[in-house]
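Here the structure comes first, spelled out in structure tokens, and everything after it is commentary.
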Amino acid sequence: MAKRSAPEVNAGSMADIAFLLLIFFLVTTDIATDSGLNRKLPPWEDKPDDTEVKIKQRNIFQITVNKKDQIQIKTRGDDKLTELKDLRAEIVAFLDNGGGQGEDACQYCQGDKHPESSDNFVKAVISLGNDRLTKYETYISVQNEVIAAYNELRNREFLKEYPNLNMNYVQANNMYQDPQTDQDEKDKLKEKLQVIKDRIPQIFSEAETKKS
Amino acid sequence: MSKFKKKKEGGLPPISTASLPDIVFMLLFFFMVATVIKEDNLKIENKLPFADQIEKLDKKKPISYIYAGKPSARFTNMGTEARIQLNDKFASAKDIKAFVAAERAALREDQIPKLIMALKVDEKANMGLIMDIKEELRKTNALKINYTTKKGDATSNAGR
């Protein structure tokens, strides 16, 4: 007598089970947003410093966001309201001005050397003030534009300094921070990024918020 | 003439669904791998603003999250002003010191200076609250911060 083979397991409902699990994961998934604008806060000082550092007015680019979310900038000796879309160009013009003479002369700047604007990259300070009633979204937009302006200049310098790398500063920085890049590559990139960071340092000051 | 005619040959054969489970399993595995189970239950509205100059946060580095925003619909008894949320609880700016200390205590010593405070703040919050948070962070010397944002056009933030 022939041996009866074991009956085959019915796999028809497998798809249903898998669908059930799939839908569960679809519903519970929350693809995490873990990216954003990195900033560094200044250390806290209990006593206000008496030894204030004197910065020439022409080296400060003052941005104030008021409680109506309007952006006011103070540069080249005048005060004016500006739109968010024009802010980046204004900051780039300020940083890239290169009005310094003698030892303050700017080797890499390509600006129009306005006497009432910044001397060089290292001297230029961006100051951001805001009201307590300013909306967070406006503040983030302004922060974004400040970083964008720096990135624009750093990209330019990076491409000029390392033309055969075929990437700009931002791409190089992303590659440096990517955990999959190997250590050798990282060390090389770090050195190059540091050169550009030293050339165009981000000097950013946040005034204490005005009490409203 | 027989009543039970044999089916005519030539009609389209039914589409085989034998590979359907495989396809579904593939999707399932994708979602299982991509899923990050939420660390905190949000009690506040948390619609992040957009920015395009963003940098990715390295998950291997220690990150602590500070949330802020208007209490969500279930917590209307907490008022309509933006609040801070630490872990699973509403908190005030004063609690940040203790929170940072607790987060630091959970880390290895060499990791402590690398701790990044990620601020997940609702776009409609007022800067006053953020300034309070920043002041407290400065006092506790937690200086590396990240304004968590979504990738998008920053100029679309205002006036929506």
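The values are calculated or read from the model by the stated rules, or taken from the named source; none is laboratory data. Only a predicted model underlies this, so the values are computations on that prediction, with no experimental measurement involved. We place every Cβ from the backbone using ideal geometry, glycine too, and count neighbours over all the protein chains shown.
Values for this structure:
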| read-out | value |
| --- | --- |
| Odd one out for B:G79 among (1) surrounded by fewer than 12 Cβ atoms within 10 Å (Cβ to Cβ); (2) within 19 Å of B:K59 (Cβ to Cβ) | (2) |
| Identity of the residue in region A:168-211, part of a loop (DSSP other than H, G, I, E, B) and farther than 22 Å from A:F121 by Cα, that ends up modelled with the lowest pLDDT | A:K211 |
| Boolean, B:I130 is within 7 Å of chain A (Cβ to nearest Cβ), touching a residue at least 40 places away in the same chain (Cβ under 8 Å), buried (at least 21 other Cβ atoms within 10 Å of the Cβ) and not acidic (D, E) | yes |
| Test set (1) of a type outside the set (V, I, T); (2) outside any helix (DSSP H, G or I); (3) at pLDDT 80 or above - B:S2 fails condition number | (3) |
| Complete set of residues in region A:111-140 that are away from every other protein chain (no Cβ under 11 Å) and within 22 Å of the chain's Cα centre (by Cα) | A:G111, A:S118, A:N120, A:F121, A:V122, A:K123, A:A124, A:V125, A:I126, A:S127 |
| Of the criteria (1) touching a Ser or Thr at 6+ places or on another chain (Cβ under 8 Å); (2) at pLDDT 85 or above, which one A:L87 fails | (1) |
| In region B:23-59, residue farthest from the other protein chains (Cβ to nearest Cβ) [restricted to those that are within 19 Å of B:I133 (Cα to Cα) and in contact with a helix residue (DSSP H, G or I) (Cβ under 7 Å, 6 or more places away or on another chain)] | B:K43 |
| Qualifying positions in region A:6-21 - within 8 Å of chain B (Cβ to nearest Cβ) and within 20 Å of B:V33 (Cβ to Cβ) | A:A18, A:F19, A:L21 |
| Selection from region A:117-134 of residues that are modelled with pLDDT of 85 or more, buried (at least 22 other Cβ atoms within 10 Å of the Cβ) and hydroxyl-bearing (S, T, Y) | A:T134 |
| Residue count, region B:138-160 (criterion: over 21 Å from A:S205 (Cβ atoms), free of Cβ contacts under 8 Å to residues at least 40 places away in the same chain and either in a helix (DSSP H, G or I) or more than 7 Å from every other protein chain (Cβ to nearest Cβ) (or both)) | 3 |
| Candidates B:E123, B:E135, filtered to the one that is charged (D, E, K, R), surrounded by fewer than 17 Cβ atoms within 10 Å (Cβ to Cβ), in contact (Cβ under 8 Å) with a residue 40 or more places away in the chain and within 8 Å of chain A (Cβ to nearest Cβ) | B:E135 |
| Strands (runs of 3 or more DSSP E) contained entirely in region A:57-126, each with at least 1 residues that are of a type in the set (K, R) and within 27 Å of B:A154 (Cα to Cα) | A:71-75, A:78-82 |
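Quick grid of which residues meet (1) assigned to a strand (DSSP E or B); (2) at the interface with chain A (Cβ under 7 Å from one of its Cβ atoms); (3) more than 30 Å from A:Y169 (Cβ to Cβ); (4) not basic (K, R):
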residue	(1), (2), (3), (4)
B:K61	no, no, no, no
B:A68	yes, no, yes, yes
B:E81	no, no, yes, yes
B:Q85	yes, no, yes, yes
B:V100	no, no, yes, yes
B:I112	no, no, no, yes
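Rundown of residues vs (1) at pLDDT 85 or above; (2) within 30 Å of A:D119 (Cα to Cα); (3) surrounded by 11 or more Cβ atoms within 10 Å (Cβ to Cβ); (4) β-branched (V, I, T), yes/no style:
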site	(1), (2), (3), (4)
A:K3	no, no, no, no
A:A15	no, no, yes, no
A:L21	no, no, yes, no
A:S35	no, no, yes, no
A:D50	no, yes, no, no
A:V53	no, yes, no, yes
A:Q62	yes, yes, yes, no
A:V65	yes, yes, yes, yes
A:I71	yes, yes, yes, yes
